[in-house]
Amino acid sequence: MSIGKNIKKLREKHNLSQEELAKIAGVSDKAVSTWENDLKTPRMGTIQKIADHFGILKSDIIEDQPTKVRPIKPGLTVSGDSRPVPLLGTIAAGIPIEMIEVKEWVNVPREIAEMFPNAFLVQVNGDSMNKIVPPNALALIDPTEEVNNGDIAAVAVNGYDATLKRFYKFQDGITLEPESYNPEHKTQFYSEKDQEFNPISIKGKFVWFMAPINFKF
């Protein structure tokens with residue numbers, strides 16, 4: 001569901017007119033109409049204002065679909081067979097750090113490797129995505145999968161640093177959203193002007209994860 005459709009659903013849920021929602025958001029009723037018809041996208045500050053008013057997360061407005069970590073296809077069974085997948089480096093799920101290539105291969109279930117033949121593994125450091133991926137987990141990233149708003153992706157900042165975050169692209173910039181129980185982690189927003197000095201590129205979509213062999217429970 002698009003941002004506009006989410007806004008319309010929220011408005012109708014609370015029995016509000018476009019004019020009434022416009023007053024809450026601090027915009028014209030015409031602006032609300034353009035959102036709901038997917039002609040324009042509200043700015044992040046406006047989305048936050050709406051979310052704060054209704055006591056919800058802005059991700060409830062932004063997300064166009066649930067987190068799409070693909071499950072194993074029905075009917076497939078894990079037979080114990082495995083396939084090696086390259087572990088390319090370490091990816092930050094807190095403060096972005098440099099992704100350093102590591103020449104190592106890690107075995108994953110054959111069904112997963114065959115489902116994502118172009119994917120690679122990275123180790124997740126930090127706790128800014130611990131609602132989804134525990135620290136030190138090995139995250140499988142597929143560079144061929146399309147990344148849509150609301151998906152979790154490996155995103156490179158400055159061409160060198162990489163971070164695992166929920167990704168959103170708007171007319172006025174890109175947002176990297178943490179999913180953490182730690183309140184210290186904040187949303188990172190990069191405007192078009194910011195990206196002139198801090199170029200951002202998507203390295204791939206997060207599709208699966210596993211605990212490392214030496215993980216302590």
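In table form, for the structure just shown:
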| quantity | calculated |
| --- | --- |
| Loop-resident sites, region 104-192, for chymotrypsin sites (Phe, Trp or Tyr not before Pro), counting at most 15 other Cβ within 10 Å (DSSP) | TYR160, TYR181 |
| Region 82-210 shape via C-alpha gyration tensor axes, a/c threshold 1.5 | prolate |
| Spin-label model distance (nm) - GLN195 vs GLU146, 7 Å beyond Cα toward Cβ | 1.8 nm |
| Hypothetical label at SER82: residues of region 103-138 whose amide nitrogen lies under 12 Å (7 Å Cα-Cβ projection) | 105-110 |
| Qualifying GluC sites (Glu not before Pro) in region 154-195, DSSP loop, other Cβ atoms within 10 Å at most 16 | GLU184 |
| Residue-wise HN-Hα coupling along region 34-51, computed from phi with Karplus coefficients 6.51, -1.76, 1.60 (Hz; x: Gly, Pro) | 5, 5, 5, 9, 6, 8, 9, 10, x, 6, 4, x, 5, 4, 5, 4, 5, 4 |
| Other-chain or far-sequence residues with amide H under 5 Å of SER28's (modelled H) | none |
| Trypsin sites (Lys or Arg not before Pro) lying in DSSP loop within region 154-213, provided at most 15 other Cβ fall within 10 Å | LYS186 |
| Under-5 Å amide H pairs with LEU87, H placed in peptide plane, nonlocal only | GLU104, TRP105, VAL106, LEU121 |
| Pairwise FRET efficiency - GLU20 versus GLN171, Cβ, R0 = 22 Å, nearest 0.05 | 0.35 |
| For PHE209, distant residues with modelled amide H under 5 Å away | LEU140 |
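No lab work stands behind these numbers, since they all come straight from the coordinates. Since the structure is predicted, the reported quantities are computational estimates derived from the model, not experimental observations. Don't worry about glycine lacking a Cβ; one is built from the backbone with ideal geometry, like all the others, and counts go over all protein chains shown.
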